[in-house]
Amino acid sequence: MEKDKISFENAIARLEVIVRALEEGKCSLDESMKLYEEGVRLVRLCNEELASAKQKLTVISEESVG
């Protein structure tokens, strides 16, 4: 899953599915590991998106004050 092919909202939705599947404990160890790895990638993507949004808001705020 490439980061530029999934929106923040879709990443969050997929993370919710992954968390539910892992919490149920019905996946094999191999499947659980794959889901965990995908989850880590999605968390990183979401953190990058949030950091970018925060930076944009900071710039906008500074422009409106200055």
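The values are calculated or read from the model by the stated rules, or taken from the named source; none is laboratory data. No experiment lies behind these values; they were computed from the predicted model shown. Positions of Cβ are backbone-derived with ideal geometry, glycine not excepted, and every protein chain shown enters the neighbour counts. Surface areas here come from the heavy atoms of the whole protein model, side chains and all, with no ligands, DNA or RNA. Shrake-Rupley method; radii C 1.70, N 1.55, O 1.52, S 1.80 Å.
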Express in Å², to the nearest 10, the accessible area of Glu49 obtained by rolling a 1.4 Å probe over the protein heavy atoms while all chains stay in place.
90 Å²
For Val43, what accessible area in Å² do you get when you roll a 1.4 Å probe over the heavy atoms of the protein chains, rounding to the nearest 10?
70 Å²
So the number of lysine pairs in the chain with alpha-carbon atoms under 26 angstrom apart, 8 or more residues apart or on different chains, is 7
How large is log10 I(q)/I(0) at q = 0.20 Å⁻¹ when the Debye formula is applied to the Cα atoms of the chain, each weighted equally and without solvent?
-0.79
Judged on accessible area alone, 1.4 Å probe, highest first, Leu22, Leu42, Leu57 line up as Leu57, Leu22, Leu42
Please give me the summed charge of the neighbours of Glu16: other residues whose Cβ is under 14 Å from its Cβ, Lys and Arg +1, Asp and Glu -1.
-2
For the chain, take the longest principal axis of its alpha carbons; what is the angle in degrees between that and the long axis of helix 29-65, to the nearest 10 within 0 to 90?
10 degrees
For the chain, with every protein chain kept in place, what is the accessible area per residue (1.4 Å probe, Å²)?
82 Å²
Dipole size in debye (nearest 20) for region 2-57 around its Cα centre, Lys and Arg Cβ +1, Asp and Glu Cβ -1?
220 debye
Ordered by number, the trypsin sites (Lys or Arg not before Pro) in region 1-50 that occupy a DSSP loop and have at most 16 other Cβ atoms within 10 Å are Lys26
Accessible surface of the chain, 1.4 Å probe, proportion on carbon and sulfur as whole %:
55 percent
